[in-house]
Amino acid sequence: MSVTAAFELARTAHTGQVDKVGEPYVGHPLRVALSVVGDELRQVGALHDVVEDTTLTLADLSARGFSDAVVAGVDAMTKRPGETLRASMARVSADPLARVVKLADVADNASPVRLARLPTEEQRKELALKYTATCTLLGADVMAVIGTVPAEPAVALSRELPERLLGTGFRVVDHLRGEWVRVVGDDAVLAVVGTTEDARLFVDDTPTPWTSLAGAFRGLWAAVRPDEPLPEHLRG
Ligand SMILES: [Mn+2]
């Protein structure tokens, strides 16, 4: 089956759907497809959202002649109802086509141009957190994936974090525009916190709203050291 056939099927399947900024949805899978190289990768790229977001099924793709590898790639990219981001990315990681397409998917969704067009800062922040978590779970560097995010000075939070994390087993891996900080612990629990005014903790993809940075640290500690009291330097 050809790349053109995948493009045509994606066009038909996504007809009438619009993306978060109101443009025809199909632009997204086609951009993703064009950003990867190789026939099977391009087919998975074009079709990566059809099973999740349209009435097409994996059986339909097989019946139309797409290869087992392409159908498996689309299957891996298809989120199951109620599934955590961690579980979904474990499946994506295990499929060679899906992992490459997923990173291209994140790069397209998280491009600064697209994020800037979202209506609210809250939406931008939630999505940036999600994409950062996705990259971490895929073992990829979000900064390298997004690529075009300009380096800006870290805000107070990311300067103060490394010191506050001493002794917790967590370390700051990087930050995105100084607003979202990626923190990774030895036991692979993932945490991301926001600004000092609006700190959030993500363990896997479960967001936990906190009213303060101190609250986020309490939550972080409780998640990974449930039996130990909160150290002095994480209080207040
Ligand atoms: Mn997508």
Note to self: Suppose the filter is in the same structural domain as A72 (by TED's automatic domain parsing), within 13 Å of the ligand (Cβ to nearest atom) and on the phi < 0 side of the Ramachandran plot; does K130 pass it?
What the structure shows: no
Margin query: Go through (1) in contact with a Ser or Thr (Cβ under 9 Å, 6 or more places away or on another chain); (2) away from the ligand (no atom under 14 Å from the Cβ); (3) in a loop (DSSP other than H, G, I, E, B) for V71 and report which single condition fails.
Written below: (3)
Next item on the list: May I ask you to verify whether R99 is within 16 Å of the ligand (Cβ to nearest atom), without any contact (Cβ under 8 Å) to a residue 40 or more places away in the chain, loosely packed, with under 15 Cβ neighbours inside 10 Å and not aromatic (F, W, Y)?
Entry: no
Notebook entry, point to check: Which ones in segment 106-144 are under 18 Å from G22 (Cα atoms), in contact with a helix residue (DSSP H, G or I) (Cβ under 7 Å, 6 or more places away or on another chain) and assigned to a helix (DSSP H, G or I)?
Noted result: D108, N109, L115, R124, L127
Check: Any idea which of (1) within 23 Å of the chain's Cα centre (by Cα); (2) assigned to a loop (DSSP other than H, G, I, E, B) is the one G45 doesn't satisfy?
Finding: (2)
Checklist line | Number of the exception - A116 against (1) in the same structural domain as A46 (by TED's automatic domain parsing); (2) under 20 Å from V145 (Cα atoms) | finding: (1)
Margin query: For the condition under 16 Å from the mean Cα position of the chain (by Cα), within 16 Å of the ligand (Cβ to nearest atom) and of a type in the set (A, V, I, L, M, F, W, C), what is the one hit in A110, A33, A90?
Written below: A110
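The values are calculated or read from the model by the stated rules, or taken from the named source; none is laboratory data. Only a predicted model underlies this, so the values are computations on that prediction, with no experimental measurement involved. Note that each Cβ is placed from the backbone with ideal geometry, even for glycine, and that neighbours are counted across all protein chains shown.
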